[in-house]
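**Student:** What follows is a single structure, and I will ask about it in a moment.
The values are calculated or read from the model by the stated rules, or taken from the named source; none is laboratory data. Note that the structure is predicted; figures quoted are calculated from it, not measured. Cβ coordinates were reconstructed from backbone atoms using ideal geometry, including for glycine residues, and neighbour counts include every protein chain displayed. Please note that ligands, DNA and RNA were not included when accessible areas were found on the heavy atoms of the full protein model with its side chains. Shrake-Rupley method; radii C 1.70, N 1.55, O 1.52, S 1.80 Å.
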Amino acid sequence: ESHRDADYFGLLGMSYAGTKRLPEAIAALSQGIALRPERTDLIFRLGTIYQGAGNNEEAIRLFLRAIAKGDDSAELQFALALSYFNFGNFQDAVNSCRRAIQSDPKLDQAYLLIGRSYARMAQPVEATSALRKALSVNPGCQQCYRQLAQLLEDSGGATEPTQLLREAIRLNSRDAAAHYQLGKLLARQNHDGEAVAEFQKTIALEPDHDLAFYQLGRIYMALGDRSKAETCFKASRDLKEKRRAASEERLKNAK
């Protein structure tokens, strides 16, 4: 009977989570765990809810609790790594990713997170190696191309980052971040026409992308089209102000 009750609360909790009713989801899963404290699947689910809500400290505590009870799956280790990364514990994120890879050597997202972690720790050689490994495991990892392009661009490269970003866009033409990144890279190489096209695609996908408007304004100003430049700069300023006001409103409501 208690087993059925635990399953009921587990399903109820995930149903609440699916409709963004997080307090109810947490309460239901916590009740299920109280009934069957050995159920690491329920602990894991609760951890993912806290992770999704941005409470990575509590998520880490729950993931470690599930691991201590014997669940050492790649899925759990990767979830732990992601919370470590979000919490700023980059070396712990690397260590957890490596444990995930021991269980699932084809887990490209773990290599990707290792690369991102090393990049945050200012270790570009290790970051590059991890990202290339991710692509060797999964050549279709669109985010891997974008992350590697950014890393190589930061190191002063241009040719390979451009190729990587074009591949990322080929895999997902609606990735506004990739279009923006490619636009900046092309502008740096003085390919103004292509850069303008990429920034315009960015704005078409994300009309509130103030940085794309700003970059467009810079190009138009360099080309001598002051009218278009001022229009873009104004759009950029207006969008920044809109975002600032929305942020202040959220802070006000949170008090």
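**Student:** Looking at segment 50-60, which of the residues that are hydrophobic (A, V, I, L, M, F, W, C) and modelled with pLDDT of 95 or more is surrounded by the fewest Cβ atoms within 10 Å (Cβ to Cβ)?
**Tutor:** I60
**Student:** Looking at segment 22-42, which of its residues are part of a helix (DSSP H, G or I), farther than 18 Å from S96 by Cα and either touching a residue at least 24 places away in the same chain (Cβ under 8 Å) or open to solvent by less than 60 Å² (accessible area, probe 1.4 Å) (or both)?
**Tutor:** Those that are part of a helix (DSSP H, G or I), farther than 18 Å from S96 by Cα and either touching a residue at least 24 places away in the same chain (Cβ under 8 Å) or open to solvent by less than 60 Å² (accessible area, probe 1.4 Å) (or both): L22, A25, I26, A27, A28, L29, S30, G32, I33, L35, D41, L42.
**Student:** Sticking with this one: I need the full set of residues from segment 1-46 which are of a type in the set (A, V, I, L, M, F, W, C) and under 24 Å from the mean Cα position of the chain (by Cα), in order please.
**Tutor:** M14, A17, L22, A25, I26, I43, F44, L46
**Student:** Give me a count of the residues in segment 193-209 that are in contact with a helix residue (DSSP H, G or I) (Cβ under 7 Å, 6 or more places away or on another chain) and open to solvent by 10 Å² or more (accessible area, probe 1.4 Å).
**Tutor:** Selection size over segment 193-209: 9.
**Student:** To continue, here is another question. Within segment 119-135, identify whether any single residue is without any contact (Cβ under 8 Å) to a residue 60 or more places away in the chain and touching a Lys or Arg at 6+ places or on another chain (Cβ under 8 Å), and answer yes or no.
**Tutor:** yes
**Student:** From the list S155, S227, S236, exactly one residue is open to solvent by 30 Å² or more (accessible area, probe 1.4 Å), touching a helix residue (DSSP H, G or I) at 6+ places or on another chain (Cβ under 9 Å), at pLDDT 95 or above and small (G, A, S). Which is it? Quick ask: steps written out before the conclusion?
**Tutor:** Working: S155 fails: at pLDDT 95 or above; S236 fails: open to solvent by 30 Å² or more (accessible area, probe 1.4 Å).
Matching residue, one of S155, S227, S236: S227.
**Student:** What are the pairs, 6+ residues apart or on separate chains, where a residue within segment 61-77 that is over 12 Å from T48 (Cα atoms) and open to solvent by 80 Å² or more (accessible area, probe 1.4 Å) has its Cβ under 8 Å from a residue that is assigned to a loop (DSSP other than H, G, I, E, B) and not aliphatic (A, V, I, L, M)?
**Tutor:** From segment 61-77, the pairs are K69/E38.
**Student:** Hey, another quick one. Would you be able to say whether some residue in segment 172-182 is buried (at least 17 other Cβ atoms within 10 Å of the Cβ), modelled with pLDDT of 95 or more and among the polar types (S, T, N, Q)?
**Tutor:** Yes, that holds for at least one residue.
**Student:** Is there a residue being touching a Cys at 6+ places or on another chain (Cβ under 9 Å), closer than 24 Å to R36 by Cβ, among the polar types (S, T, N, Q) and in contact (Cβ under 8 Å) with a residue 12 or more places away in the chain anywhere in segment 101-111? So that I can check it myself, show each step before the final result.
**Tutor:** Initial filter on segment 101-111 (touching a Cys at 6+ places or on another chain (Cβ under 9 Å)): 107-111.
Among the residues that remain, those that are also closer than 24 Å to R36 by Cβ are: none.
Scanning segment 101-111, I find no residue that is touching a Cys at 6+ places or on another chain (Cβ under 9 Å), closer than 24 Å to R36 by Cβ, among the polar types (S, T, N, Q) and in contact (Cβ under 8 Å) with a residue 12 or more places away in the chain, so the answer is no.
**Student:** Working only within segment 95-131, note down all residues that are open to solvent by less than 70 Å² (accessible area, probe 1.4 Å), of a type outside the set (G, A, S) and either assigned to a loop (DSSP other than H, G, I, E, B) or over 23 Å from L165 (Cβ atoms) (or both).
**Tutor:** N95, C97, I101, D104, L107, M121, Q123
**Student:** Kindly indicate the residue of segment 78-94 that is part of a helix (DSSP H, G or I) and of a type outside the set (A, V, I, L, M, F, W, C) and also surrounded by the fewest Cβ atoms within 10 Å (Cβ to Cβ) among those meeting that condition.
**Tutor:** Step one: of segment 78-94, the residues part of a helix (DSSP H, G or I) are 78-87, 90-94.
From what's left, of a type outside the set (A, V, I, L, M, F, W, C): 83-84, 86, 91-92.
Working: S83: 27, Y84: 24, N86: 16, Q91: 12, D92: 17.
Out of the qualifying residues, it is Q91.
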